[in-house]
1. Can you tell me which residue is nearest to T182 (Cα to Cα) among those in the range 140-169 that are in contact (Cβ under 8 Å) with a residue 60 or more places away in the chain, assigned to a strand (DSSP E or B) and not β-branched (V, I, T)?
2. Could you list, in sequence order, the residues of the range 90-139 that are aliphatic (A, V, I, L, M), under 16 Å from E172 (Cα atoms) and either in contact with a Ser or Thr (Cβ under 9 Å, 6 or more places away or on another chain) or assigned to a loop (DSSP other than H, G, I, E, B) (or both)?
3. Out of the residues in the range 144-192 that are at pLDDT 90 or above and basic (K, R), state the one that is nearest to D127 (Cα to Cα).
4. Could you list, ordered by first residue, the pairs with Cβ atoms under 9 Å in which the first is in the range 174-192 and without any contact (Cβ under 8 Å) to a residue 12 or more places away in the chain and the second is hydroxyl-bearing (S, T, Y), at least 6 apart or interchain?
5. Output the number of residues of the range 170-189 satisfying the condition of being closer than 16 Å to Y86 by Cα and in a strand (DSSP E or B).
6. For the range 81-104: of the residues being at pLDDT 75 or above, farther than 18 Å from W126 by Cα and surrounded by fewer than 16 Cβ atoms within 10 Å (Cβ to Cβ), which is nearest to the chain's Cα centre (by Cα)?
Amino acid sequence: MKILTVVLALGLLTLTAGCQTPGRDLSLQKERDSLRLEKSRLQGEVQNLRQQNTQLREQLKVLSGIEKDAKLDDIYDLKGVTISKYTNLYDKDKDGRSEMLIVYLQPMDRSGDVVKAAGAVEVELWDLSKDPEDAMLGKWQVKPAELKKLWYDSIFTVNYRLTFDMPGKIAEFTEPLTVKVTFTDYITGKVFREQKTIEP
């Protein structure tokens, strides 16, 4: 009887082990697949790091070849900003009212070429015929992250194209207004100011 009990127990254990084997195999297979994916990801990261390292070495080699007395102005020479003649108020829905101010801004280098300079912009719209406390009609800020998306390149011109919805202070655009722009260059820290009169 005791021998029979042992035999039955061994048989049950064997049967149980046999039932669990496929599950363990599946678990091991999933683990192997996961490890393969992780290995592939790490290999990709290593490759990217090697490429970045190579690029940094090349940059270091170039920078080390630049003369030590070279000045930033010899490399980067933003000299001012210009407000394009196309800057004005526009009637965007053709209802006879000017609801949008569009400012075309051109950062210029020493040679008079337009450059896509990184920076922040502050725009103000003024009616200088009014009393000082009522003269400012609107004020807007454009951060560097937003500014870089506003670069406008056409066959006629290149510039930043800044659009602003107008406040309800202008019932009719019948007299000249003044657009004032402050551009802060994020490379040199220089601040450039420009203004332009716009007419109906």
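1. L162
2. Listed by number, the residues that qualify are M100, L101, L125, L128, A135.
3. K180
4. Going by the 9 Å Cβ cut-off, the qualifying pairs are V191/T182; V191/T184.
5. Adding up the residues that qualify gives 5.
6. This residue is K92.
Here's the yes/no breakdown for (1) out of contact with any Pro (no Cβ under 6 Å at 6 or more places or on another chain); (2) loosely packed, with under 15 Cβ neighbours inside 10 Å:
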| site | (1), (2) |
| --- | --- |
| D131 | yes, yes |
| G138 | no, no |
| Q141 | yes, yes |
| T157 | yes, yes |
| F164 | yes, no |
| P176 | yes, yes |
| F183 | yes, no |
| E194 | yes, no |
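The values are calculated or read from the model by the stated rules, or taken from the named source; none is laboratory data. These figures come from a predicted structure and were not determined experimentally. Because the Cβ atoms are built from the backbone with ideal geometry, glycine has one as well, and the counts that use them run over all protein chains shown.
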